[in-house]
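K.L.:
Have a look at this one.
The values are calculated or read from the model by the stated rules, or taken from the named source; none is laboratory data. None of these values were measured; they are calculated from a predicted model. Note: ideal-geometry Cβ built from the backbone for every residue, glycine included; neighbour counts use all protein chains shown. When the accessible area is computed, the model is the full protein with side chains, heavy atoms only, and any ligands, DNA or RNA have been set aside. Shrake-Rupley method; radii C 1.70, N 1.55, O 1.52, S 1.80 Å.
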Amino acid sequence: MLTVTDECEFCAIHQRSFRKLTDAAGIRLTVKINNFDPAEQATQVDQALAEHPDAIVLWPADISAIVPSLHKINRAGIPLVISDSKPEDKYASLWQTYAGIDNYAAGQTAARLMIQGFRDKGYGDTGKVFIVIGVPGTAPQVMRQAGFTDTLAEEAPGIRIAGVQPGNWDQTQAGTAAAGLFTQNGNDVQGVYAQADNMMTGVITAAQRAGIDVEKLVLVGQDCSIDGVRNIESGAQYGSVLFSPVGDGEYAARAVIDILDGKEVPHEMIMPSPAITRENVTECYAAIGR
């Protein structure tokens, strides 16, 4: 298993969930981790190929930089499961299955939550929002942003994006990014989309320090992590898009177990990613082990 980090909560839960199922299936698992470093991941792919594993599960650090490594794995004839972050579909012949969510669709859901929140809070279909993105170049960052911006442009063009800054999936960095965006835009912002709920916690802290009433903002996160659940229940955050790290790891594990058992697997195993607000936040409890 070649994965991106075990320092973020989502990534750590994903890895534990994956290992739980593969251990139960009697699979001997080797894990190689990089901190979203595509060059290091390319080296790790070479190392993995030298060990001649029966299968590889790969969470790409960068969906473009990983392509040469995908070709190497394909030439070696080693079954490959892509987890969480899908490269462009034109390379789909290079892997057996993708297990995760449709990140573009998840971005669309976040945009529709934003539109709904604008209406619920009395802003109608006009105003400004800014986006705090994850690590640039990763599939969730690229596709969630595309789904969000495309849907706003199509369904609520009066809601304009006032700025975009990276939070790199980190609460502290997201708070710093949001503080700068709040300084630039002052009170002339009605909403914020953070591509992960832990980053939204940083956004909320930055808003409070700037003297902004967070309950007047439409704050839309992603993943429905424990941070998001707490913020939604308290009223500080309007909504999130459910993406369970437990399910994400389990989907990848089931895919590789079936491949090793000689079973046919679908080319895509897409997890559901429904919209979450205070009314249905209990749907997130299983995802966070609550």
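K.L.:
Projecting each Cα onto the charge dipole of the chain (Lys/Arg +1, Asp/Glu -1 at the beta carbon, about the Cα centre), which of Thr3, Gly186, Gly107 comes out farthest on the positive side?
P.N.:
It is Gly186, whose Cα lies furthest towards the positive end.
K.L.:
Where in the range 184-269 are there trypsin sites (Lys or Arg not before Pro) that are in a DSSP coil and have at most 11 other Cβ atoms within 10 angstrom of their Cβ?
P.N.:
Sites meeting the loop and neighbour criteria: Lys263.
K.L.:
Scan around Val4 for amide H atoms under 5 Å from its own, H built in the peptide plane at 1.01 Å from N, and keep only partners 5 or more places away or cross-chain.
P.N.:
Correct list: Asn34.
K.L.:
Once amide H atoms are built 1.01 Å from N in the peptide plane, which residues 5 or more positions from Met269, or in another chain, come under 5 Å H to H?
P.N.:
Tyr98, Ala99, Gly100
K.L.:
Taking only C-alpha pairs under 8 Å that are 6+ residues apart, what is the relative contact order of the range 65-156 in percent?
P.N.:
30 percent.
K.L.:
At q = 0.14 Å⁻¹, what log₁₀ I(q)/I(0) does a Debye calculation on the Cα points of the chain give, no solvent, two decimals?
P.N.:
So the normalised log intensities are -0.95.
K.L.:
May I ask you to list the trypsin sites (Lys or Arg not before Pro) in the range 77-148 that are in a DSSP loop and have at most 16 other Cβ atoms within 10 Å of their Cβ?
P.N.:
Counting only loop positions with at most 16 other Cβ atoms within 10 Å, the trypsin sites (Lys or Arg not before Pro) in the range 77-148 are Lys121.
K.L.:
Sticking with the crude label model, points 7 Å out along Cα→Cβ, report the distance from Val67 to Arg230 in nm, one decimal please.
P.N.:
4.1
K.L.:
Still on this structure, I have one more. Over the chain, what is the mean sequence separation of C-alpha contacts under 8 Å (at least six apart), divided by residue count, expressed as relative contact order in percent?
P.N.:
This gives 20 percent for the chain.
K.L.:
What is the percent of Cα-Cα separations in the range 44-123 that go past 17 Å?
P.N.:
Of all Cα-Cα distances in the range 44-123, 53 percent exceed 17 Å.
K.L.:
Another question, then. Run the Debye formula on the Cα coordinates of the range 181-290, all scatterers equal and no solvent, and tell me log10 I(q)/I(0) at q = 0.16 1/Å.
P.N.:
Here log10 of I(q) over I(0) equals -0.72.
K.L.:
In addition: Please list 3J(HN,Hα) in residue order for the range 108-113, calculated via the Karplus relation 6.51 cos²θ - 1.76 cosθ + 1.60 where θ = phi - 60°; whole Hz, with x for glycine and proline.
P.N.:
5, 4, 4, 5, 5, 5
K.L.:
Carbon-plus-sulfur fraction of the accessible area of the range 209-290, 1.4 Å probe, in percent?
P.N.:
C and S atoms contribute 48 percent here.
K.L.:
Continuing with the same structure: When the chain is fully extended, how far beyond the present Cα-Cα distance does Glu51 get from Ala25, taking 0.36 nm per residue of separation?
P.N.:
Stretched out fully, the Glu51 to Ala25 stretch lengthens by 7.3 nm.
K.L.:
Which value, in Å to one decimal place, does the Kirkwood hydrodynamic radius take for the range 102-231 when every pair of different Cα atoms is included?
P.N.:
Kirkwood hydrodynamic radius for the range 102-231: 14.0 Å.
K.L.:
Only Cα pairs within less than 10 Å get springs; with that Gaussian network setup on the chain, which residue of Thr109, Thr277, Thr183 has the largest fluctuation?
P.N.:
Thr183
K.L.:
Please identify every one of the GluC sites (Glu not before Pro) in the range 246-290 that sits in a loop by DSSP and has no more than 16 other beta carbons within 10 Å of its own beta carbon.
P.N.:
Glu264
K.L.:
Ok, one more. Can you compute the radius of gyration and Dmax for the range 1-68, using only the Cα atoms, both in Å?
P.N.:
When restricted to Cα atoms, the range 1-68 yields Rg and Dmax of 12.0, 34 Å.
K.L.:
Greater than 27 Å separation of Cα atoms is the criterion. Which listed pairs, Lys20/Lys86; Lys86/Lys216; Lys72/Lys263; Lys90/Lys128, meet it?
P.N.:
Check vs 27 Å cut-off fails for Lys86/Lys216; Lys90/Lys128.
K.L.:
Right, another one. With a cut-off of 8 Å between alpha carbons and a minimum separation of six or more residues, what is the relative contact order of the range 242-290 in percent?
P.N.:
RCO, the range 242-290: 60 percent.
K.L.:
Report the convex hull volume per residue for the range 195-234, counting only C-alpha atoms, in Å³.
P.N.:
Spelled out: Cα convex hull of the range 195-234, divided by residues, is 58 Å³.
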